[in-house]
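To keep things clear, I will list the structure first and then write my remarks on it.
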Amino acid sequence: MGHSSDFDPAEAARLALEHSHQEGALLPILHALQGRFGWIAPEAVAWVAERLNLSRAEVHGVVSFYHDFRDHPAGRQVIKVCQAEACQARGARHVTAQLEERLGVKLGQTAPDRSLTLEPVYCLGLCGNGPAALVDGRPYADLSGRGLARCLKGVGR
Ligand code: FES
């Protein structure tokens with residue numbers, strides 16, 4: 001999933017063709033592009049806008065509205081830390097600050113060397129054991145306690 005590659009119009013055209021017959025093709029096309037390239041590059045936004053006869057601002061608005069879409073390529077590792085209410089009540093804010101400090105990346109950002117991305121997520125279904133996070137899809141809980149060290153070990157830092 002953390003995989004990113006350069007936008008390729010020919011490949012995008014092939015993916016779009018599979019979806020363009022659908023009503024409301026914008027979301028399926030964006031999902032296909034995100035799945036294939038790992039993010040929605042500015043060239044992809046322009047390309048989709050032209051193809052669907054929308055403005056770039058409209059397409060960009062959709063990309064930034066949905067958490068599913070990235071407008072930057074992700075790092076090789078993706079750490080998602082829960083910011084939803086139950087985890088907040090268990091100290092997610094403090095844990096997030098600790099992760100930011102230990103990883104050297106702010107929430108919502110990717111390290112300049114693209115080694116990792118730290119991003120918010122809203123409930124992982126681990127509320128009873130929060131604060132919780134995912135490292136490349138592997139769950140870590142109890143981050144206010146022992147879980148933090150385990151999680152950082154999972155990140156390799
Ligand atoms: S609120 Fe964080 S896992 Fe549910």
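A few points about this structure:
- Conditions (1) modelled with pLDDT of 95 or more; (2) more than 20 Å from the chain's Cα centre (by Cα): number failed by Trp47: (1)
- If you check Asp136, Asp113, Asp142 for being touching a residue at least 40 places away in the same chain (Cβ under 8 Å) and acidic (Asp, Glu), only one passes: Asp136.
- Failed item in (1) more than 16 Å from Arg157 (Cβ to Cβ); (2) surrounded by fewer than 17 Cβ atoms within 10 Å (Cβ to Cβ), with Pro73 passing the rest: (2)
- Condition met for Glu119 (modelled with pLDDT under 95, crowded, with 19+ Cβ neighbours inside 10 Å and of a type in the set (Asp, Glu)): yes
- Residue match in segment 91-101 (condition: closer than 21 Å to Gly38 by Cα and open to solvent by less than 20 Å² (accessible area, probe 1.4 Å)): no
- Any pair with Cβ under 8 angstrom, 6 or more apart, that starts in segment 85-98 at a residue that is touching a residue at least 24 places away in the same chain (Cβ under 8 Å) and on the phi > 0 side of the Ramachandran plot and ends at one that is near the ligand (Cβ under 8 Å from one of its atoms) and not in a helix (DSSP H, G or I): Gly91/Pro131
The values are calculated or read from the model by the stated rules, or taken from the named source; none is laboratory data. Just so we're clear, the structure is a prediction, and the values are computed from it rather than from any experiment. When we count neighbours, we look across all protein chains shown, and the Cβ atoms used for this are built from the backbone with ideal geometry, even at glycine. In case anyone asks, the SASA skips ligands and DNA or RNA and just uses the protein heavy atoms, side chains included. Shrake-Rupley method; radii C 1.70, N 1.55, O 1.52, S 1.80 Å.
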